[in-house]
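Working notes for the structure below.
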Amino acid sequence: YPIGTMLLGLILRRQEDRRLAEQQLIINRQSLNRERGLLRGLINALPDHIFIKDRSGRYLGCNKAFEQFIGHSEEGLIGKSDYELLNAEQAALNDQEEQQVLKSKKASNTEQLTESPNGGNILLETLKTPFHDMDGEIQGLVSISRDITDKRKAEERIITLSQAIEQSPVSVVITSLEGEIEYVNSTFEHVTGYSLAEVLGKSSRILKSGKTPQSLYTDLWQQLSKGEPWRGEFQNQRKNGEIFWEHAHIAPVMDASVKPRHF
């Protein structure tokens, strides 16, 4: 009887252990599914084009943005290579680049002008990097592409504006709100005799000759403090001490919240 009781207790304990183990397995699976769902939702929410390929260049998955870009669903992509989806020339270029990434075991970052699904060309910045299994073996690569067309156009506009300011036939000076010089163009250097290096961080008072009435400066700062531009004439002094007349237009440079950041 005692042996039977012990055996029964052992059987019950094993059944309870099995039940608890099964419950923990279910909880782990549910947690894993939640994590996968969260990761999938996150990837699909990103505007960047994301895809995963195996070592042979066949698709393993992608996000919604890449589906829209390439014009195929994820289900229609899995197991296929670019040779089955793109023109031969583009597929060969992609394959060559991706095999180099896998061979070098290093990420690559490139910019490529490509045709948009909606027509026209867009500039894509693409990062491709190998991914590894638990043993550290490379299993394929992940690609993340971002449309930088508008960004590049904005950069080009800034460059054009900068060149126009630098090459302007009139002096251009940018100061902090305290009047410290942050930039001067080449015309300023030619007119005043000061180089950018000599005036950078210095007060704009470096040009004062002492011949301009103080009331004019008071009026200037009153206007600027109200966020309004000021126009007037100074008798300034060049580096060599020579006095010259200068007609000036000074205005605050506003930020996105319409607060002055520079003059």
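The values are calculated or read from the model by the stated rules, or taken from the named source; none is laboratory data. Computed from a prediction, not measured in an experiment: that's the story for all the values here. Ideal geometry is used to build each Cβ from the backbone, glycine not excepted, and the neighbour counts take in all protein chains shown. Ligands, DNA and RNA are stripped out before the accessible areas are found, and what is left, the full protein with its side chains, is counted by its heavy atoms. Shrake-Rupley method; radii C 1.70, N 1.55, O 1.52, S 1.80 Å.
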Of all residues in the range 185-233, which are closer than 19 Å to Ile243 by Cβ, of a type in the set (A, V, I, L, M) and touching a helix residue (DSSP H, G or I) at 6+ places or on another chain (Cβ under 7 Å)? Val199, Ile206, Leu207
Would you mention how many residues in the range 91-109 are without any contact (Cβ under 8 Å) to a residue 12 or more places away in the chain and touching a helix residue (DSSP H, G or I) at 6+ places or on another chain (Cβ under 7 Å)? 1
Would you check which residues across the range 144-171 are open to solvent by less than 70 Å² (accessible area, probe 1.4 Å) and more than 28 Å from Leu127 (Cα to Cα) and list them? Ser162, Ala164, Ile165, Glu166, Ser168, Ser171
Those residues of the range 116-160 which are under 19 Å from Asn44 (Cα atoms), among the hydrophobic types (A, V, I, L, M, F, W, C) and free of Cβ contacts under 8 Å to residues at least 24 places away in the same chain amount to Leu127
Looking at Ala256, is it part of a loop (DSSP other than H, G, I, E, B) and of a type in the set (A, V, I, L, M)? yes
Mind checking whether some residue in the range 35-46 is within 30 Å of Ala92 (Cβ to Cβ), open to solvent by 80 Å² or more (accessible area, probe 1.4 Å) and either touching a Lys or Arg at 6+ places or on another chain (Cβ under 6 Å) or at pLDDT 75 or above (or both)? no
Looking at the range 205-232, which of its residues are in a strand (DSSP E or B) and exposed (fewer than 13 other Cβ atoms within 10 Å of the Cβ)? Arg231
Quick check on my filter: what residues within the range 49-85 are under 24 Å from Lys105 (Cβ atoms), in contact with a Lys or Arg (Cβ under 7 Å, 6 or more places away or on another chain) and surrounded by fewer than 18 Cβ atoms within 10 Å (Cβ to Cβ)? Arg58, Leu60, Ser81
Out of (1) closer than 30 Å to Ser81 by Cβ; (2) of a type in the set (A, V, I, L, M); (3) modelled with pLDDT of 95 or more, what's the single condition that is false for Val184? (1)
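Kindly indicate whether Phe188 is touching a His at 6+ places or on another chain (Cβ under 9 Å) and either open to solvent by less than 80 Å² (accessible area, probe 1.4 Å) or part of a loop (DSSP other than H, G, I, E, B) (or both).
No: the conditions fail for Phe188.
Test Arg261 against the stated conditions and say whether it is within 30 Å of Leu123 (Cβ to Cβ) and either at pLDDT 95 or above or open to solvent by 40 Å² or more (accessible area, probe 1.4 Å) (or both).
So Arg261 passes the test.
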Just checking, does the range 233-240 include any residue being touching a His at 6+ places or on another chain (Cβ under 9 Å), modelled with pLDDT under 95 and surrounded by 14 or more Cβ atoms within 10 Å (Cβ to Cβ)? yes
Somewhere in the range 56-63, is a residue under 18 Å from Val142 (Cα atoms), of a type in the set (D, E, K, R) and at pLDDT 95 or above? yes
Looking only at the range 86-123, which residues are part of a strand (DSSP E or B), open to solvent by 60 Å² or more (accessible area, probe 1.4 Å) and over 23 Å from Gln139 (Cβ atoms)? Glu111, Gln112, Leu113, Glu115, Asn121
Which residues, counting only those in the range 66-113, are of a type in the set (Gly, Ala, Ser) and closer than 27 Å to Asp150 by Cα? Gly71, Ser73, Ala91, Ala107, Ser108
